[in-house]
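Working notes, beginning with the structure itself.
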């Protein structure tokens, strides 16, 4: 049976025509700018469409796009379409700006939070052996990768940091179980060897990490 062609038969079609359900879901995902959860996708329909049915249709859509330049993937916060990794070099020519790269201090701090969470700032400093500057924590917070999820029950009640769903989404993961070995995070770190700034250039140079502000290791 051919699928419906207009909004006048919407109430009946969404519950009886699985092909139309599939088209609606696919359209929503193709036009979304952020991942969409199953709960959000259910809001597309006036009827109560079961989550299990939506998941089955999403699996079907995922199969339809397999082997093409764009794929439907499930991330931590929901489903989204994205270009396959092998086509990134071509697409990058349309936007030649280099992706942001972060200092070793930022990446080490992020790694500790990701693999040891929840942790306090003091925990991070104890593991790294140097104090963590506010700018490092601010960088990760502004990027949307970490958040305070509570406070440790000790004097001063320091904040407990954990990674966010956005952190997993940006890495293309569903859960923390998908995290790669720590060594794989090194590709985002700026090179350690930096030319020594002199003269006027020195005034414009910015420390790459918090060790620049704290050259001495923290006492044990």
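Just so you know, all these numbers are worked out from the coordinates, no wet-lab data involved. Because the structure is predicted, anything quoted here is derived from the model rather than measured. Positions of Cβ are generated from backbone atoms using ideal geometry, with glycine treated the same way; all protein chains shown enter the neighbour counts.
With a Förster radius of 30 Å applied to the beta-carbon distance between residue 18 and residue 175, the computed FRET efficiency rounds to 0.55.
Sorting the segments 86-92, 25-31, 122-128 by their residues' average number of neighbouring beta-carbon atoms within 10 angstrom, most packed first, yields 122-128, 25-31, 86-92. Residues 121, 84, arranged from fewest to most other Cβ atoms within 10 angstrom of their Cβ, appear as 84, 121.
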